[in-house]
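For reference, the structure discussed in these notes is given below.
The values are calculated or read from the model by the stated rules, or taken from the named source; none is laboratory data. No experiment lies behind these values; they were computed from the predicted model shown. With ideal geometry, Cβ positions are generated from the backbone for all residues, glycine too; neighbour counts draw on all protein chains shown.
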Amino acid sequence: MTEIIRGPVGAPFDGCDFVVRLDEARRGTDVRILQLTDLQFIDVSQERGHPGKENPPDALEREVCDHIRSLAAQCRPDLIILTGDVVYGMFDDSGRVLDAICRLMDSLGIPWAPVFGNHDNECWRGVAWQCERIAASRFSLFRRGTVTGSGNYTVGVACGDELVRVLYMTCSNGGGNERDPEVVGQPGIYPDQARRIRDSAARIEAAQGRPVPAFMAFHIPVREFVTAAEAAGYRTKERPLFRIGVDVPAREGDFGAWDEDVGYVLDTEFDFPALLRACRIDGVFAGHYHKITASILWEGVRWTFGLKTGTCDYHPTHTGGTLITVRDGAFTVLHVPSLL
């Protein structure tokens, strides 16, 4: 049986905003976390400047919802994380698509935790309404927080009273919505966000009596994703695109493709690798680039681009999700194509 504990969370889970508490009998078994990313449903009936268009009646089901149901049935996750661009905001000014996706996610009966992407921030209904709608969902784990961005919070996964993993869900900001002054238009992970993570990690360690291994999830990748690909010898000036295990030999269990140019990554105003080391973060998960699915181990951290979920906007040959399996402190990562 899974219990969702919502904050304020005290001992033994101090430092977490939410806890997904699994039955004590699950101790030592696999904990499954499913990453979905870049759903980006394009509702042409809401396209700005082009009124009167109509979507096919089953467009949302066919291009997004059915894929999510397929992945949930295949992976049977204990937790689902969504790493941004849940909606294509400029095609959802009414909020209808976000509302439909919230209802779909709740219908799965699985705890789900989203972060905002740059396209989520485009919706003219505004991030305050979006945050309230997500937070009101029965199975959602979401808190807007008080630092930069539209959602920064910590999720713990526990067996009984023992945390087995922590997830630092982080807003990478960015996106254009001139009507909403609450949107942080300049993409980035800011120093106050880093301080929040450090504070949470310290409180969690004190409450649990030990450091707890952690993941970090956000939308737009930081520069270290590119550095990892270059340090591994996969990405070079002469070979900017590659497929691990096809164009270049795989190392350290790496896999995936780098099938598009990286036009923009985040340079943080603080030492990002130092933050990861201090907070025991050994896995970082992002989205944003639909045709990059690489997962690369570098400096003791696995840097993973999630497999794009659904067929809206441009996408790779296979779409689906990314299954993270945690057991005894270690974890594995696997892209899982939708069966549709």
Just the residues that are in contact (Cβ under 8 Å) with a residue 24 or more places away in the chain and surrounded by fewer than 24 Cβ atoms within 10 Å (Cβ to Cβ), please, taken from region 65-78.
CYS65, ASP66, ARG69, SER70, ALA72, GLN74, CYS75, ARG76, PRO77, ASP78
Suppose we keep only residues that are in contact with a helix residue (DSSP H, G or I) (Cβ under 8 Å, 6 or more places away or on another chain), within 20 Å of GLN35 (Cβ to Cβ) and not small (Gly, Ala, Ser) within region 273-296. Which one would you say is surrounded by the fewest Cβ atoms within 10 Å (Cβ to Cβ)?
ARG280
Of the conditions (1) crowded, with 20+ Cβ neighbours inside 10 Å; (2) touching a Leu at 6+ places or on another chain (Cβ under 7 Å), ASP38 clears all except one; give me its number.
(2)
Selection status of PRO187, in contact with a strand residue (DSSP E or B) (Cβ under 8 Å, 6 or more places away or on another chain) and either crowded, with 23+ Cβ neighbours inside 10 Å or over 23 Å from LEU82 (Cβ atoms) (or both):
no
Looking for something part of a loop (DSSP other than H, G, I, E, B), touching a helix residue (DSSP H, G or I) at 6+ places or on another chain (Cβ under 8 Å) and without any contact (Cβ under 8 Å) to a residue 24 or more places away in the chain - is there at least one such residue anywhere in region 35-53?
yes
Suppose we filter ASP199, ASP120, ASP180 for residues that are charged (D, E, K, R) and crowded, with 24+ Cβ neighbours inside 10 Å; which single one remains?
ASP120
Restricting attention to region 317-340, and to residues there that are touching a residue at least 40 places away in the same chain (Cβ under 8 Å), of a type outside the set (S, T, N, Q) and surrounded by fewer than 18 Cβ atoms within 10 Å (Cβ to Cβ), which single residue is farthest from PRO273 (Cα to Cα)?
LEU340
Write out, first by first residue and then by second, each pair whose Cβ atoms fall under 8 Å of each other, whose residues are 6+ apart or on separate chains, and whose first residue, in region 129-156, is at positive phi and in contact (Cβ under 8 Å) with a residue 24 or more places away in the chain while the second is surrounded by fewer than 22 Cβ atoms within 10 Å (Cβ to Cβ) and basic (Lys, Arg).
GLY145/ARG196; GLY151/ARG143; GLY151/ARG144
Restricting attention to region 281-322, which residues are under 12 Å from the mean Cα position of the chain (by Cα), aliphatic (A, V, I, L, M) and assigned to a strand (DSSP E or B)?
VAL284, ALA286
Which of (1) modelled with pLDDT of 95 or more; (2) farther than 30 Å from ASN177 by Cα; (3) assigned to a loop (DSSP other than H, G, I, E, B) does ARG69 not meet, given it meets every other one?
(3)
